[in-house]
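One structure below.
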C-alpha cells in the first residue's frame, strides 16, 4: 500500500538543542494544538502579548485561532517548538507564515515564551520558516514589528531582512526578505 504525503510534507520534525543546553521539539503545527496554544497564551506576559499582537490583548480570540489552525497548510506554514509537560507538551515557541492573496508573498509572526529568549529558539524557528517558504516557491516574506521590539528587529537584520518604517506609523517597522529572486 502506497502512502500519500501528509499535508505538512517537507517539514521534518526534529529535536533542537538550544544554546543553554535545553532540548525542544520542532514540528509543523496541527489543529490539535489549539488547546496548547490557549495555554501558551495564558503563560505570556502582558509585554510579550503587546509585542506579538501590537496592542493590548487580555484574552485570545478563540475563533481566529481555530480558523488559522484549520487553514494550514493550504493558507500558509505553521511551526511549533514544544517541551514535555505534566499534561503532555507545552508550546514554548511558534512561527507562522500566512500566504498573501497574490500567491507570491507571505506575512510572518513569531512568539517565544519567557525563559526561551536569547537561546537561539527564535533564530531556529525563523530559519526553518524561511527555508520552508522558499521551498514552496514564495518570493517575499514580510512582518510588522514594533519599533521598541529591538530583539526581533535585531533577529530580522541578522537573517537578512530589509527593515523600513511603516508609512504613516513611526511605531512600526516593516521587515522584508526576498526569498526567491526572479
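Values for this structure:
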| read-out | value |
| --- | --- |
| Exposure proxy ranking, count of Cβ atoms within 10 Å, fewest first, for 23, 127 | 23, 127 |
| Computed helical MRE - 222 nm, the chain, DSSP H runs ≥ 4 contributing -39500 (n - 2.57), nearest 500 | -8500 deg cm²/dmol |
| Volume of the Cα convex hull of region 33-75, divided per residue and given in Å³ | 76 |
| Sequence-separation-based contact order of region 14-138, relative, with Cα cut under 8 Å and 6+ spacing, percent | 24 |
| Kirkwood Rh and Cα Rg combined as Rg over Rh, evaluated for region 14-138 | 0.94 |
| Rounded, prolate or oblate (a/c below 1.5 giving rounded, otherwise prolate when a/b exceeds b/c) for region 142-182 by Cα gyration tensor | oblate |
| Footprinting exposure proxy for 64, 134 (fewest neighbouring C-beta atoms within 10 Å first) | 64, 134 |
| Listed residues 95, 114, 85, most fluctuating in the chain (Gaussian network, C-alpha, under 10 Å) | 85 |
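Quick note: the coordinates plus some simple rules give every number you see, no bench work behind them. As the structure is a prediction and not an experimental result, all values here were calculated from the model. Counting neighbours? That spans all protein chains shown, and the Cβs are built from the backbone with ideal geometry, glycine included.
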